[in-house]
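Heads up, the thing below is written out as structure tokens.
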Amino acid sequence: MLAIFLKTLPFFALIGLGWGAGRLRFFPPEATAWLTRFVFYFALSAMLFRFTATLSLRALFDPAFVLAYFGGTTAIWALGMVVARARRLPLAEVAMEAHTCMTGNTGFLGVPMLVVLLGPGAVGPVLMVLSIDLIVFSSLVTLLVTGARHGRVSLQMFAALGLGLVRNPMIMSMLAGLGWAALQLPMPGPVMEFVTILGAAATPGALFAIGASLAERSAERLRPAVWLSSAKLVLHPLAVGLAARAFGVEPFAAGVMVAAAALPVAGNVYILASHYGVAPQRVSASILISTAFSILTVPAVIAWVTAA
């Protein structure tokens, strides 16, 4: 456990460095926004392209893995909805809380950290988790929130969702990489050097940006935020772990799935909440609390899955 904690410490130290820079206003919110944009559109996209361009579709898509992650995550989604409904929240807030319970920071934290800690074999499972979260669950919460606002679901909403997916650089870079791999195209040396150098900026840039963005958050609405953070850090990895066992997922891939599920709440949940004006303070507090406690919980989960 101590060895794993020490391995994860540099990653969280980078988050802490970003948080300190943000709190001291050495790195203002405008700078954080532009750094996040650079990581999202350039560095992380280059990293994802390089990973998927050298990965076979078979290594990425495993039906048992997909069913296990989808099943376990759906169970947490449903639990989040039940708890929110019991508190008599409106449908839009119910959907946002359910989304907060199961959406981890896989893109900015999981891809850089888990591949380093668990090895190159973690690439396929981590990207599968990221794909399901982005394509399935992000689309679902958008439909529910928009439908709750307008009282109906229209064809225009589906068209807007499709356009949003096409404009997402993480999805498009993965698709481009898989297309490259499927065609078995050779990777020219200069191209590989380019995406390697650019992708190398994703890890420090993303972690620093996470920390700097947390400096602007406050821990308001503590009781619901503690519940949402607990569901994300504890119940989500437990649920997908049980589902992985039920579906007979290969042990290493199951371990990566559980580790990815143990990641703290993703920043893009706040972007959604803020855009639609649905419980942004609650979501913001959940991101702050879950990220702080993940310094202890993530190493514990990684130590557990690597020892299993």
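Here are the numbers for this structure:
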| read-out | value |
| --- | --- |
| Answer from ALA21, ALA46, ALA31, ALA53 - the residue that is in contact (Cβ under 8 Å) with a residue 40 or more places away in the chain and within 18 Å of the chain's Cα centre (by Cα) | ALA46 |
| Checking ALA84 against (1) within 18 Å of the chain's Cα centre (by Cα); (2) surrounded by 18 or more Cβ atoms within 10 Å (Cβ to Cβ), the condition it does not meet | (1) |
| Candidates LEU233, LEU228, filtered to the one that is in contact with a Gly (Cβ under 8 Å, 6 or more places away or on another chain), crowded, with 23+ Cβ neighbours inside 10 Å, at pLDDT 95 or above and closer than 23 Å to GLY16 by Cα | LEU228 |
| Of residues in the stretch 193-223 being farther than 17 Å from ARG37 by Cα and in contact with a Leu (Cβ under 9 Å, 6 or more places away or on another chain), the one surrounded by the fewest Cβ atoms within 10 Å (Cβ to Cβ) | SER218 |
| Every residue from the stretch 56-78 that is of a type in the set (A, V, I, L, M, F, W, C) and either without any contact (Cβ under 8 Å) to a residue 12 or more places away in the chain or not in a helix (DSSP H, G or I) (or both) | PHE61 |
| Selected residue (only one of VAL116, VAL94, VAL82 is part of a helix (DSSP H, G or I) and touching a helix residue (DSSP H, G or I) at 6+ places or on another chain (Cβ under 6 Å)) | VAL94 |
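The values are calculated or read from the model by the stated rules, or taken from the named source; none is laboratory data. Only a predicted model underlies this, so the values are computations on that prediction, with no experimental measurement involved. Positions of Cβ are backbone-derived with ideal geometry, glycine not excepted, and every protein chain shown enters the neighbour counts.
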